[in-house]
Amino acid sequence: MNEDSIDNRFDDRAVGRTLRVVAPVGAVAVIALAVTAVASAAGPGAESARIASVTTPAVVTAPPAEPEAAVVPMTAGHRPREATTVLRTADGTAIGTVRFRRKGNRTEVAAKVTLPTGLTAMDAFHGFHIHANDKPENGNGCLADPAQPSATWFTSADGHLSELGQKHSHHTGDMPSLLVNADGSAVIEFTSTRLDIAGLIGRAVVLHAQPDNFGNVPVGTGPEQYAANSTSAGDKTAATGNAGDRIACGVLTLKR
């Protein structure tokens, strides 16, 4: 799948416009009289020339056109088609883009990033999620101070986008992990029926420093199970897949 193959027939940005040229009534009358006078002076043979001149639109100075009405971002019954964001690190460096595009009853997701050396582990998977960004008391959007510990970065984006009772790997905002190559590049494309564009506007896409375990940690006393050191380990897995600190973030906006 590539961007060129995506159906663009329903592009919400395509808006038809009609150009109107408005001439004052007085100006039209003056032009008509002037044409008649010239034709009369030239004699009866000029009648056909007079008719041709009258049927040709005159060039006049039009008054300023009225301003167009502002485009309303969302209207009742309107289904937004595409949402995008730019991922940025704590110091504001843009490292990539993420796009969500509606295609029938599915959503196509495409992300492309290039991580700078030293930011995180290369040649490794990294947790990649949509965060709710719904608690103003924690801040709004992607807030981070590069001078502070990385554990504080982008906590303003809040937890994963989810519905009541959902656990990690079943969160609405859970997505496949991003495989970062040895050179820092990463590309991912997939299709989801979990995501609706209208519910993504204002949410935040977050890239994490560590792999996502997708809640698949067999805890227990069996020979192929793990014993947690504390309940915090299980809590982290249930909340985030224990994917570590947040190293890049971007708030989703509607694309026209």
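Couple of notes before you dig in:
- Total residues in the range 149-171, condition assigned to a loop (DSSP other than H, G, I, E, B), over 14 Å from ALA204 (Cβ atoms) and not polar (S, T, N, Q): 7
- So THR117, is it of a type in the set (S, T, N, Q) and part of a loop (DSSP other than H, G, I, E, B): yes
For (1) in the same structural domain as GLU108 (by TED's automatic domain parsing); (2) in contact (Cβ under 8 Å) with a residue 40 or more places away in the chain; (3) within 21 Å of LYS236 (Cβ to Cβ), each residue gets a yes or a no:
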residue: ASN138; (1), (2), (3): yes, no, yes
residue: LEU161; (1), (2), (3): yes, yes, yes
residue: LEU164; (1), (2), (3): yes, no, yes
residue: ASP174; (1), (2), (3): yes, yes, yes
residue: ASN181; (1), (2), (3): yes, yes, no
residue: THR191; (1), (2), (3): yes, yes, no
residue: LEU200; (1), (2), (3): yes, yes, no
residue: ARG203; (1), (2), (3): yes, yes, no
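- Total residues in the range 160-181 satisfying the condition of being crowded, with 18+ Cβ neighbours inside 10 Å and among the small types (Gly, Ala, Ser): the figure is 3.
- Given (1) of a type in the set (A, V, I, L, M, F, W, C); (2) surrounded by 14 or more Cβ atoms within 10 Å (Cβ to Cβ); (3) part of a loop (DSSP other than H, G, I, E, B); (4) in contact (Cβ under 8 Å) with a residue 60 or more places away in the chain, number of the condition ALA228 does not satisfy: (4)
- Scanning the range 82-135 for residues that are polar (S, T, N, Q) and under 15 Å from ARG246 (Cβ atoms) gives THR85, THR89, THR93, THR120, ASN133.
- Filter result (part of a loop (DSSP other than H, G, I, E, B) and either among the charged types (D, E, K, R) or in contact with a Ser or Thr (Cβ under 7 Å, 6 or more places away or on another chain) (or both)) within the range 242-256: ASP245, LEU252, LYS255, ARG256
- The one condition in (1) surrounded by 14 or more Cβ atoms within 10 Å (Cβ to Cβ); (2) out of contact with any Lys or Arg (no Cβ under 6 Å at 6 or more places or on another chain); (3) closer than 30 Å to PRO136 by Cα that LEU252 fails to fulfil: (2)
- Subset of the range 85-123 [closer than 21 Å to GLY173 by Cα, in contact with a Lys or Arg (Cβ under 8 Å, 6 or more places away or on another chain) and among the small types (Gly, Ala, Ser)]: GLY96, ALA110, ALA111
- The range 142-181: number of residues that are farther than 19 Å from VAL113 by Cα, of a type outside the set (Asp, Glu), more than 24 Å from the chain's Cα centre (by Cα) and at pLDDT 95 or above: 7
- Summed over the range 79-105, residues that are at pLDDT 95 or above, among the polar types (S, T, N, Q) and assigned to a loop (DSSP other than H, G, I, E, B) total 2.
- Within the range 182-218, if we keep just the residues that are crowded, with 17+ Cβ neighbours inside 10 Å and small (Gly, Ala, Ser), the residue that is nearest to the chain's Cα centre (by Cα) turns out to be ALA204.
- Looking only at residues in the range 83-98 that are under 11 Å from the mean Cα position of the chain (by Cα) and surrounded by fewer than 20 Cβ atoms within 10 Å (Cβ to Cβ), the one that is farthest from SER192 (Cα to Cα) is VAL86.
The values are calculated or read from the model by the stated rules, or taken from the named source; none is laboratory data. Computed from a predicted structure; not experimentally measured. Note that we place each Cβ from the backbone using ideal geometry, even for glycine, and neighbour counts take in every protein chain shown.
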